[in-house]
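These notes are about the structure you will find just below.
The values are calculated or read from the model by the stated rules, or taken from the named source; none is laboratory data. Please read these numbers as outputs of a predicted model, since none were measured by experiment. When we count neighbours, we look across all protein chains shown, and the Cβ atoms used for this are built from the backbone with ideal geometry, even at glycine.
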Amino acid sequence: MAITRKKKEGILADLKDKFKDAKSIVFSDYRGLSVQDMEDLRRTLREKNVSYKVAKKTLVRLAAADAGYKEIPTESMEGPVGVAFSYEDEVAAAKTLGDLGKKFEGLKLLGGLMDGDVLSIEKVQALSEMPSKEELLSRLIGSLQSPASGLANVLSGSVRNLVYVLEAHRQKLSE
């Protein structure tokens, strides 16, 4: 069934808005996913504030060009392509699609766009394997707390030893 020109213009306008608002964009191949799998995929992505759109590659290229991405590599646009738009966390789309790719065999990362740069499949794969923002923040806080807690333990150890010496001296005097 052919899509009318008016409908294509509406899809293109929607894609242009998504490209402009997104912090990162990830392309994926979704061949082999059932309708139920696609619903699960979209639900999981929505929970991470990531939208997933399937559109004609020509419309995706036009919207990307309008957003300032001159050329999308052909390996990012092979076969049927789904586009994930991440609005808050730059790595959320890549990470979620990478994790879901382990669950759904038909889902494969094809490339991406971030900060005006075109990302290769390898770079998007590396992003998908990065720890989440929350995990990185907790590691940073743990690293910052470690020296302070170590210092507190050392200082309390000296006070504790002083108490032991005083207690031993008190017992010696009482004998």
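Identify, please: which residue in the range 65-76 is of a type outside the set (D, E, K, R) and touching a strand residue (DSSP E or B) at 6+ places or on another chain (Cβ under 7 Å) and is, among those, farthest from residue 27 (Cα to Cα)?
Step one: of the range 65-76, the residues of a type outside the set (D, E, K, R) are 65, 67-69, 72-74, 76.
When the remaining residues are screened for being touching a strand residue (DSSP E or B) at 6+ places or on another chain (Cβ under 7 Å), the result is 69, 72-73, 76.
Values: 69: 14, 72: 10, 73: 11, 76: 6 Å.
Per the stated criteria, the residue is 69.
Among the strands (runs of 3 or more DSSP E) confined wholly to the range 48-159, which include 1 or more residues that are among the hydrophobic types (A, V, I, L, M, F, W, C) and exposed (fewer than 15 other Cβ atoms within 10 Å of the Cβ)?
On the way: elements: 50-54, 81-86, 108-114, 117-119.
Result: 50-54.
Tallying residues that are touching a helix residue (DSSP H, G or I) at 6+ places or on another chain (Cβ under 8 Å) and over 20 Å from residue 118 (Cβ atoms) within the range 19-39 yields 2.
Residue 160 falls short on exactly one of the conditions (1) under 12 Å from the mean Cα position of the chain (by Cα); (2) outside the structural domain of residue 29 (by TED's automatic domain parsing), and that condition is (1). Looking across the range 8-36 at every residue that is farther than 18 Å from residue 88 by Cα and under 20 Å from the mean Cα position of the chain (by Cα), the one that is modelled with the lowest pLDDT is identified as 30. When residues in the range 15-49 are screened for being free of Cβ contacts under 8 Å to residues at least 40 places away in the same chain and touching a strand residue (DSSP E or B) at 6+ places or on another chain (Cβ under 8 Å), 1 of them pass.
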